[in-house]
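A.B. asks: Dropping the structure in here first, questions after.
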Amino acid sequence: MRIRALRPGEAPALLAIFRAAVRVTAARDYAPEQIQAWSPAQWPPAQCERWIERVRALHPFVAEVDGVAAGYADLQEDGLIDHFYVSPDYARRGVGAALMAHLLALARERGLVAVHSNVSRSAQPFFARFGFDVVAQQRPLVRGIEVPNARMRALLGGRDDH
Ligand SMILES: CC(C)(COP(=O)(O)OP(=O)(O)OC[C@H]1O[C@@H](n2cnc3c(N)ncnc32)[C@H](O)[C@@H]1OP(=O)(O)O)[C@@H](O)C(=O)NCCC(=O)NCCS
């Protein structure tokens with residue numbers, strides 16, 4: 001497995017990972033209407049384009065297994081992890097762990113004191129495993145439907161704890 005930057009033309013593969021991760025993995029923890037709001041079964045081309053533009057702007061990292069993109073995640077300048085998705089085809093094989101190790105190392109390199117994310121129910125045990133604590137329960141509206149998540153934060157302890 002290796003973690004690398006997104007390649008040109010690869011964002012549609014990330015959309016496929018996102019859609020499968022929501023509709024297969026996260027669907028275990030949310031009602032069908034919440035999943036439909038988060039990632040509709042059908043995506044019109046314009047919606048795909050908007051998603052791709054947004055995710056490209058996040059400069060995500062891709063976890064590649066045997067030459068195939070298996071998951072992706074990003075780290076923004078302010079410590080926000082906006083997207084964190086692993087394909088259900090590669091679930092529980094350490095892909096998420098490798099991505100998280102990469103993000104946390106990068107955050108320390110950048111001198112960030114904390115990283116944070118709005119974490120789905122499905123991903124909360126995973127984030128907790130990597131030192132994140134819940135700082136708030138949230139009930140954001142997605143396409144008019146409540147899709148609860150938790151704001152989670154991991155303190156990095158500054159530059160001295162390498
Ligand atoms: C959360 C997610 C990224 C984890 O990816 P993954 O590659 O399957 O995770 P890993 O295999 O690296 O898991 C590492 C450890 O995290 C913990 N973990 C991962 N998934 C877990 C789960 N569903 N329940 C409990 N612990 C879990 C375990 O300790 C695991 O180690 P183990 O498999 O040896 O027990 C993935 O399940 C996912 O994409 N979920 C759906 C999308 C989503 O909700 N994304 C987050 C939006 S904020």
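The values are calculated or read from the model by the stated rules, or taken from the named source; none is laboratory data. Note that the structure is predicted; figures quoted are calculated from it, not measured. Don't worry about glycine lacking a Cβ; one is built from the backbone with ideal geometry, like all the others, and counts go over all protein chains shown. For accessibility, only protein heavy atoms count, side chains too; no ligands or nucleic acids. Shrake-Rupley method; radii C 1.70, N 1.55, O 1.52, S 1.80 Å.
A.B. asks: Can you name every residue in region 47-97 that is in a strand (DSSP E or B) and open to solvent by 30 Å² or more (accessible area, probe 1.4 Å)? Explain how you work it out, then say what you get.
C.D. replies: Applying the first criterion (in a strand (DSSP E or B)) to region 47-97 yields 61-65, 68-73, 80-81, 84-86.
Listed by number, the residues that qualify are Phe61, Val68, Leu80, Phe84, Tyr85, Val86.
A.B. asks: Contact list please: Cβ distance under 8 Å, first residue in region 110-127 and under 18 Å from Gly79 (Cα atoms), second residue more than 8 Å from the ligand (Cβ to nearest atom) and in a helix (DSSP H, G or I), pairs at least six apart or on different chains.
C.D. replies: Gly111/Arg159; Val115/Leu103; Val115/Leu104; Val115/Ala107
A.B. asks: May I ask you to list the residues in region 36-46 that are under 17 Å from the mean Cα position of the chain (by Cα) and open to solvent by 40 Å² or more (accessible area, probe 1.4 Å)?
C.D. replies: Listed by number, the list holds a single entry, Trp38.
A.B. asks: Oh, and also: Would you check which residues across region 98-120 are in a helix (DSSP H, G or I) and within 8 Å of the ligand (Cβ to nearest atom) and list them?
C.D. replies: From region 98-120, those in a helix (DSSP H, G or I) are 98-109; that's our starting set.
Those that are in a helix (DSSP H, G or I) and within 8 Å of the ligand (Cβ to nearest atom): Ala98, Leu99, Met100.
A.B. asks: Test Glu77 against the stated conditions and say whether it is among the charged types (D, E, K, R), farther than 26 Å from Tyr30 by Cβ and within 14 Å of the ligand (Cβ to nearest atom). First the steps, then the outcome.
C.D. replies: Details: among the charged types (D, E, K, R): yes; farther than 26 Å from Tyr30 by Cβ: yes; within 14 Å of the ligand (Cβ to nearest atom): no.
Considered against the rule, which asks whether it is among the charged types (D, E, K, R), farther than 26 Å from Tyr30 by Cβ and within 14 Å of the ligand (Cβ to nearest atom), Glu77 comes out as no.
A.B. asks: Next question. State yes or no: is Arg143 closer than 24 Å to Ile35 by Cα, surrounded by 14 or more Cβ atoms within 10 Å (Cβ to Cβ) and either basic (Lys, Arg) or over 16 Å from the mean Cα position of the chain (by Cα) (or both)?
C.D. replies: Values: closer than 24 Å to Ile35 by Cα: yes; surrounded by 14 or more Cβ atoms within 10 Å (Cβ to Cβ): no; either basic (Lys, Arg) or over 16 Å from the mean Cα position of the chain (by Cα) (or both): yes.
Taking the combined requirement at face value, the residue does not satisfy it.
A.B. asks: So in region 12-35, with the set limited to residues that are assigned to a helix (DSSP H, G or I) and over 13 Å from Tyr85 (Cα atoms), which one is least open to solvent (accessible area, probe 1.4 Å)?
C.D. replies: Ile35
A.B. asks: Okay, moving on. Only one of these conditions is not met by Ala136: (1) in a strand (DSSP E or B); (2) closer than 19 Å to Phe18 by Cα. Which number is it?
C.D. replies: Against the list (1) in a strand (DSSP E or B); (2) closer than 19 Å to Phe18 by Cα, Ala136 comes up short only on (2).
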